[in-house]
1. Over its Cα atoms, what ratio of radius of gyration to 2.2 N^0.38 Å does the chain give?
2. Write out the trypsin sites (Lys or Arg not before Pro) in segment 10-77 meeting two conditions: DSSP loop, and at most 16 other Cβ atoms within 10 Å of their Cβ.
3. Report the GluC sites (Glu not before Pro) located in segment 51-88 that are in a DSSP loop and have at most 16 other Cβ atoms inside 10 Å of their Cβ, or state none.
Amino acid sequence: MATLDTIFDLFSKERRRYALYYLDQHSGTVSVDEVVDYVANQESDAPDGSIPDEQYDRIDLSLRQVDIPKTAEIDSIEYNRDEEEINIRGTSTKFNAIVAIAKILEHPDRSE
């Protein structure tokens, strides 16, 4: 498992936390597009769920260039930039617990 410093660094940015929440809900391979869509919807303040193209593009770029590659610091997450895929292989129970606690602290009104 990654060090506590690595975990805290990963969770220090909201966008990266949203990406980690999504990855925590999945196993196997997910596309970068799936993660971008999820994060964009989480960040959207629009009541109808529409996201302005400019905002979506900023989220997309940030995730592809910074946030998703950084999540690969966790042993069980692999990012394949060429294939635009993220492979999640059995995250540890400690990591899952940290993700669960972070989700509760960030969104106590949601019971996922």
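1. On the way: Rg = 13.6 Å, N = 112, 2.2 N^0.38 = 13.2 Å.
Here the answer is 1.03, to two decimals.
2. Details: sites: LYS13, ARG15, ARG16, ARG17, ARG58, ARG64, LYS70; in loops: LYS13.
Passing sites in segment 10-77 are LYS13.
3. On the way: sites: GLU54, GLU73, GLU78, GLU83, GLU84, GLU85; in loops: GLU73, GLU83, GLU84.
Hits after loop and neighbour filter: GLU73, GLU83, GLU84.
Rule-based calculations on the coordinates, nothing more; no lab input. Nothing here was measured: the structure is a model prediction, and the numbers come from that model. As a convention, Cβ positions derive from the backbone with ideal geometry for all residues, glycine included, and neighbour counts pool all protein chains shown.
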